[in-house]
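The values are calculated or read from the model by the stated rules, or taken from the named source; none is laboratory data. Just so you know, these numbers come straight off a predicted model, no measurement behind them. Don't worry about glycine lacking a Cβ; one is built from the backbone with ideal geometry, like all the others, and counts go over all protein chains shown. Surface accessibility is based on the protein's heavy atoms, side chains included, excluding ligands, DNA and RNA. Shrake-Rupley method; radii C 1.70, N 1.55, O 1.52, S 1.80 Å.
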Amino acid sequence: MTDRFADGNPRNNDQGAGEHRPKEPEGWQGGDLAGLRAKLAYIQGLGATALWITPPVANQWLDPTGRHGGYHGYWAEHFMKVDRHLGTLADLQGLSSDLHRAGMFLVQDIVVNHTGNYFAMKPGHAAFLTTPPVARPSQWPFSLNDPRRAADRRAGIYHWTPDIGDYNDPLQEATFQMGGLDDLATDHPTVRQALRRSHGWWIRQAGVDAFRVDTAFYVSPEFFADFMHARDAAAPGIAEVARRTGRRDFLVFGEGFASDAPGADAASRRIESYMHDAAGRPRMNGMLNFPLYRTLGDVFARGAAPAQLAERLRVQQALHPRLHWMPTFVDNHDVDRFLAGAGEPALRQALLALMTLPGIPVIYYGTEQGFTEPRASMFAAGYGSGGRDRHDTSAPLYRAIAAMTALRRGDRLFSRGTPTVLAANAARAGALAWRSDHEGRSALVAFNTADTPTLAVLDTGLAPGTRLEGAFGLDGTPAPLSVGAGGRVVLELPAQAGRVWKALPGGQAEAMPTAAAVVLDPLPAERFEADFTLTGTAPGVRELRLVVDGDLTRAQTVRPGADGRFSARIDTSAMTDPALVHEVLAWAGGAAASVPRGFQVALPWKTVADVEDPAGDERWAYPTDPSYAPRPMDLRRVRVATAGGALRLELTTAAITTPWKPPNGFDHVLFTVYIELPGQTGGATVMPLQDGGLPEGLRWHRRLRVGGWTNVVHDAAGATATNEGRAVTPAARLQVDRATNTVSLVLPAASLGGLSSLSGARLYVTTWDYDGGYRALLAQPEAFSMGGTPGGPKVMDASAVITLP
C-alpha cells in the first residue's frame, strides 16, 4: 500500500483539501513512489522478485462524508493519471526502470468495476456529490456521470443503481454500487474500450509487467475475455498490448473474495470461471487463491485439523489448471493481519507453506516487521508506526522470510513442484506432511501445527533406503533421514515445527533393518460414547506408547506381557465432535509403529444455562447503512452446554444477515465473549479494544472474538486496553442456523485449559461490529459507525453474567 510504505517526498503529502491526516487511519499518510524507489533494496532483500503496488491512479481524495480518504487508490477519477500524492508519471517510470534493472517486475493494482463515489441513487431521486479534488471524473467517458442529465443517462456509462443491499443477489453484485462507488456498465462497448485503452496505457508508458484486478467478482467473467483478448485496433486486449512491448506471458490476476468451507468447492469453481470458461477458453490467466488463504488461517492460526488443508490442496489441484499462476497469501489490506489472531510461530509455518506450495507467494508489507494492524504505516510520521521507521532488515521475521524465499528461489522443486499429501491429522492440530515432485525429483515438507510434540507416520512413496537431506527448518536445519521399509518414515516433530528435506538423486539405496511388528486388534466398535479398551500384540517389545491423534505428550506407556499381548484404556473425555475421526496407533520407537485404527466419539452435551435477553435493548444507535436495519446486534438469547471441559454457546440475535458474504456465514455483528474459568487465579478485568471494563467483578481467562471475518481465542496474558492478550488454539468451531438466527460456537477443552469440568465458570457475551478493528463510536451514527457517546464502551448489547452450575 504505497501511501503507507515510505515517504520519499514530503512536499506532495498535503494537497490542501484536509486529506493529509497522518494521525488517523482513514487519512492520507504520505507514502509515495519516491519512497518505494528509496526502499527498493529493502524489498529486494526479502527475496521478492516483483513489487505489487496499490492503484497509482488519480483518485477521489475524500469520500462525501469527508472522513475517509482515497489513499488506497481504489476510487479513481482518472484512470490515466498518477495521483499527485504519490508523485508523477516520471516517478512511476523511474520505479519501473529501477525494478527492471534489479531483475524484478512491477505489478499494478487496477479497478474496472467502479470509479469513486460521485453520485448516489436514492429512492425517488438522484444526488450528485461534491468531493475533492474534482466534482466528477475528469476522464471521458467516465465524466458522463451526472444522473440528473438526460444525455449522461442515455450514454449508459454507469449502472444508475443504488447501493448493494444483498451481496447474495447476483444482479445486485454485478450492477449495483458497492459501498457507494459508482458502478461502471462493463457490458457497454464504450466502457470496455475505454478500460482497455486506459490500462494498456500503463503497460506502454510505465512498463508495468502484470495487473491485479480489484473486485473482479463484481464484473462478469465474460468481461475479462474481452479485456484480455479483444481484437480492436484502437484499443486491443491487454494480452496483445503486452505482447507488443515484449511481454509474452503478461499476468492478470483477479480478486475473487470467496472461500470454501471444508467439503465444499463452489467458491473455488467460481474463481476458476474467471480464468477459463466452460469450454476451457482463457479469460484472466490467474486469480488470487482466497480458498487457500482461508484454510491456511484455519489450520495454522486457528488450530483447525490439518486434514482441512490436505483437502484444500487436493481440490485446488483438481480444479485449477493454472494453479502455479495463482498468487497465494496469508493476509492482505482487506482482512485482519495474521498476527492479529495468532502468534509468530504460526505465521512462520504459514509462510513456509506458501513457499513450498504451488502459486506465487505474496508478502503484504509489514508482515516482515510483525505488524498486527491492517494498514499501519512503515515510516515514523505515519499512523500506526509507533513513531519510528520500520524498515528494519535485522528484524527476525524479515530474516526468516528472506531465508524462506531463498529456499524457494534456490530450487524449482518448490516453485514448480506438485504436492502429494502424506499425512494430515483429522481430529486436532498436529501433523501435516506432503511430498513435492518436479521433473523426477522429490522433497518432503512436514509441519506440526500443535503446541505439543506430535508423531507422524509417513508412507512417502520413495524407495526404501532413500536418503533425505535436511534443506530448511524453522528450528534449524533438520537432521538427515533414511526412508524405511515400505517407504515409511516416522517423524517426531516438536511443537509448531516446520521442516523440509530433499531426496538425494541417484545413488544406491541403503538396506534397512526390519522394524518390530506392532499390531492393534480391531476396535470393539467404530463409535463410542465413553472410554474404551484397546488391545494388541507386540512380540519382543518391552515397552511401547499408545498415541492418540499424534499427541506424544498424552501418549500412554504400555508394557506387553510375556506373550506380547497388551491392553489399555483410551480416554475420550476431550473428544466432543462426533463428526471427527480420531486415530490411535502403537509405537515402539523408530519405525516400529502399528497401522492406526480410526474411531469416533459422541459424548453427551448437557444444557447448563438458557438466558433470555430483552429485545430492543441495544445501548447505542445503529449505523445508518440500510443493511443494519434488521438489528443484527440485538442479542436475544444465550444457551450454554458443556461436555466435560468443552463448551458450546448458542447465541441468538434479532437477525442473521450476510450483506458482505462473510466466510463465517453472518455479518454486522461481532460477538466478544469473556470466560472466567473455575479454580483459576489471575485473569483480567479490562475489555481490550472495547473501551470498557467487565461487570460484577468478572475476571476473564479466555476471550472469544468471533464475527463474519474473524475467529480468535485469547488468554489474558499481556492483555491491556489496547492489547488483546495471547492467541490460543484451537479457535471456536462455528455453525450458523439462519432459520433461528443463531450462531453456535464450540470450544474444545484444549482451548479452555484442559479442564475436566466447567462448573463454576462465568460468562459474559457482548455484541458490536468489526472491520479490521472494532467499528467507531461517534456522536452521530454514520454509514458504518455507531452513534452515541464517543469514548463510551463499544458494547451494543450484552448478556447478564452467567454462572455455570
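Scanning segment 53-63 for residues that are assigned to a loop (DSSP other than H, G, I, E, B) and either touching a residue at least 60 places away in the same chain (Cβ under 8 Å) or open to solvent by 10 Å² or more (accessible area, probe 1.4 Å) (or both) turns up Thr54, Pro55, Gln60, Trp61, Asp63.
Restricted to segment 178-187, and to residues there that are touching a helix residue (DSSP H, G or I) at 6+ places or on another chain (Cβ under 9 Å) and at pLDDT 95 or above, the residue that is farthest from Glu222 (Cα to Cα) is Asp183.
Here's the yes/no breakdown for (1) farther than 27 Å from His100 by Cβ; (2) aromatic (Phe, Trp, Tyr):
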{"position": "Ser198", "(1), (2)": "no, no"}
{"position": "Trp201", "(1), (2)": "no, yes"}
{"position": "Val213", "(1), (2)": "no, no"}
{"position": "Ser220", "(1), (2)": "yes, no"}
{"position": "Ala233", "(1), (2)": "yes, no"}
{"position": "Glu240", "(1), (2)": "no, no"}
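Of all the listed residues (Gly343, Gly386, Gly370), the sole one being open to solvent by 10 Å² or more (accessible area, probe 1.4 Å), more than 18 Å from the chain's Cα centre (by Cα) and either at pLDDT below 95 or farther than 22 Å from Glu255 by Cα (or both) is Gly386. From the list Ala406, Ala381, Ala402, Ala395, which residue is of a type in the set (Gly, Ala, Ser) and either without any contact (Cβ under 8 Å) to a residue 60 or more places away in the chain or open to solvent by less than 20 Å² (accessible area, probe 1.4 Å) (or both)? Ala395 is the lone residue from the list that is of a type in the set (Gly, Ala, Ser) and either without any contact (Cβ under 8 Å) to a residue 60 or more places away in the chain or open to solvent by less than 20 Å² (accessible area, probe 1.4 Å) (or both).
Taking residues in segment 777-791 that are touching a residue at least 24 places away in the same chain (Cβ under 8 Å) and under 22 Å from Pro659 (Cβ atoms), and partners anywhere that are open to solvent by 40 Å² or more (accessible area, probe 1.4 Å) and of a type in the set (Ser, Thr, Tyr), the pairs with Cβ atoms closer than 8 Å and at least 6 places apart or on different chains are Leu777/Thr789; Pro781/Thr624; Glu782/Thr65; Glu782/Thr624; Ala783/Thr65; Ala783/Thr624.
A Cβ distance below 9 Å, combined with a sequence gap of six or more or placement on separate chains, defines the contacts here; from segment 764-775, residues that are modelled with pLDDT under 95 reach residues that are hydrophobic (A, V, I, L, M, F, W, C) in the pairs Asp771/Trp709; Asp771/Phe784; Gly772/Val335; Gly772/Ala340; Gly772/Trp709; Gly773/Ala340; Gly773/Leu689.
When the test is whether a residue is open to solvent by 20 Å² or more (accessible area, probe 1.4 Å), more than 21 Å from Trp605 (Cβ to Cβ) and of a type in the set (Gly, Ala, Ser), Ser567 passes it. Every condition in (1) buried (at least 19 other Cβ atoms within 10 Å of the Cβ); (2) out of contact with any Lys or Arg (no Cβ under 6 Å at 6 or more places or on another chain) holds for Tyr167 except the one numbered (2).
When residues in segment 1-52 are screened for being among the polar types (S, T, N, Q), over 26 Å from Asp771 (Cβ atoms), under 30 Å from the mean Cα position of the chain (by Cα) and assigned to a helix (DSSP H, G or I), 1 of them pass.
Taking the stated definitions as given, is Gly718 free of Cβ contacts under 8 Å to residues at least 60 places away in the same chain, open to solvent by 40 Å² or more (accessible area, probe 1.4 Å) and of a type outside the set (D, E, K, R)?
So Gly718 fits the description; yes.
Taking the criterion of being farther than 14 Å from Leu422 by Cβ, out of contact with any Lys or Arg (no Cβ under 9 Å at 6 or more places or on another chain) and either charged (D, E, K, R) or open to solvent by 50 Å² or more (accessible area, probe 1.4 Å) (or both), the residues of segment 442-487 that qualify are Asp451, Pro453, Ala463, Arg467, Ala479, Ala485.
Only one entry in Thr161, Thr130, Thr175 is in contact with a helix residue (DSSP H, G or I) (Cβ under 8 Å, 6 or more places away or on another chain) and open to solvent by 10 Å² or more (accessible area, probe 1.4 Å), namely Thr161. Would you check if Asp182 is under 28 Å from His68 (Cα atoms), open to solvent by 10 Å² or more (accessible area, probe 1.4 Å) and either of a type in the set (D, E, K, R) or in contact (Cβ under 8 Å) with a residue 40 or more places away in the chain (or both)? No; evaluated as a whole, the condition is false for this residue. When segment 198-216 is filtered for residues that are more than 13 Å from Val112 (Cα to Cα), in contact with a strand residue (DSSP E or B) (Cβ under 8 Å, 6 or more places away or on another chain) and part of a helix (DSSP H, G or I), the ones remaining, listed by number, are Trp201, Trp202, Ala206. For segment 285-300, state whether one or more residues are assigned to a loop (DSSP other than H, G, I, E, B) and of a type in the set (Phe, Trp, Tyr). Within segment 285-300, not a single residue is assigned to a loop (DSSP other than H, G, I, E, B) and of a type in the set (Phe, Trp, Tyr). Looking across segment 444-475, the residues that are over 25 Å from Val547 (Cβ atoms), more than 26 Å from the chain's Cα centre (by Cα) and outside any loop (DSSP other than H, G, I, E, B) come down to Arg467, Glu469, Ala471.
Every residue, every condition in (1) surrounded by fewer than 21 Cβ atoms within 10 Å (Cβ to Cβ); (2) of a type outside the set (A, V, I, L, M), yes or no:
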residue: Gly707; (1), (2): no, yes
residue: Thr729; (1), (2): no, yes
residue: Ala739; (1), (2): yes, no
residue: Ala749; (1), (2): no, no
residue: Gly754; (1), (2): yes, yes
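Scan segment 93-110 and give yes if some residue there is within 30 Å of Asp209 (Cβ to Cβ), assigned to a strand (DSSP E or B) and of a type in the set (Val, Ile, Thr), otherwise no.
Yes, that holds for at least one residue.
Does Arg738 count as over 21 Å from the mean Cα position of the chain (by Cα), in contact (Cβ under 8 Å) with a residue 60 or more places away in the chain and on the phi < 0 side of the Ramachandran plot? Answer is yes for this residue. A Cβ distance below 9 Å, combined with a sequence gap of six or more or placement on separate chains, defines the contacts here; from segment 464-489, residues that are in contact (Cβ under 8 Å) with a residue 40 or more places away in the chain and farther than 26 Å from Val595 by Cα reach residues that are of a type in the set (D, E, K, R) and open to solvent by 40 Å² or more (accessible area, probe 1.4 Å) in the pairs Ala471/Arg499; Ala471/Lys502; Phe472/Arg499; Leu474/Arg348; Leu474/Arg499.
Here Arg702 meets each of (1) within 23 Å of Val335 (Cβ to Cβ); (2) basic (Lys, Arg); (3) open to solvent by 30 Å² or more (accessible area, probe 1.4 Å) with one exception, condition (1).
Can you pull out every residue in segment 165-207 that is in contact with a Ser or Thr (Cβ under 7 Å, 6 or more places away or on another chain) and within 14 Å of Arg243 (Cα to Cα)? Selection gives Ile203, Arg204, Gly207.
Answer yes if at least one residue in segment 695-718 is part of a loop (DSSP other than H, G, I, E, B), hydroxyl-bearing (Ser, Thr, Tyr) and over 27 Å from the mean Cα position of the chain (by Cα), and no otherwise. Within segment 695-718, not a single residue is part of a loop (DSSP other than H, G, I, E, B), hydroxyl-bearing (Ser, Thr, Tyr) and over 27 Å from the mean Cα position of the chain (by Cα). On inspection, Arg314 passes the criterion of being touching a residue at least 60 places away in the same chain (Cβ under 8 Å) and open to solvent by 10 Å² or more (accessible area, probe 1.4 Å). When segment 574-632 is filtered for residues that are more than 30 Å from Leu520 (Cα to Cα), open to solvent by less than 50 Å² (accessible area, probe 1.4 Å) and of a type in the set (Phe, Trp, Tyr), the ones remaining, listed by number, are Trp620, Tyr622, Tyr628.
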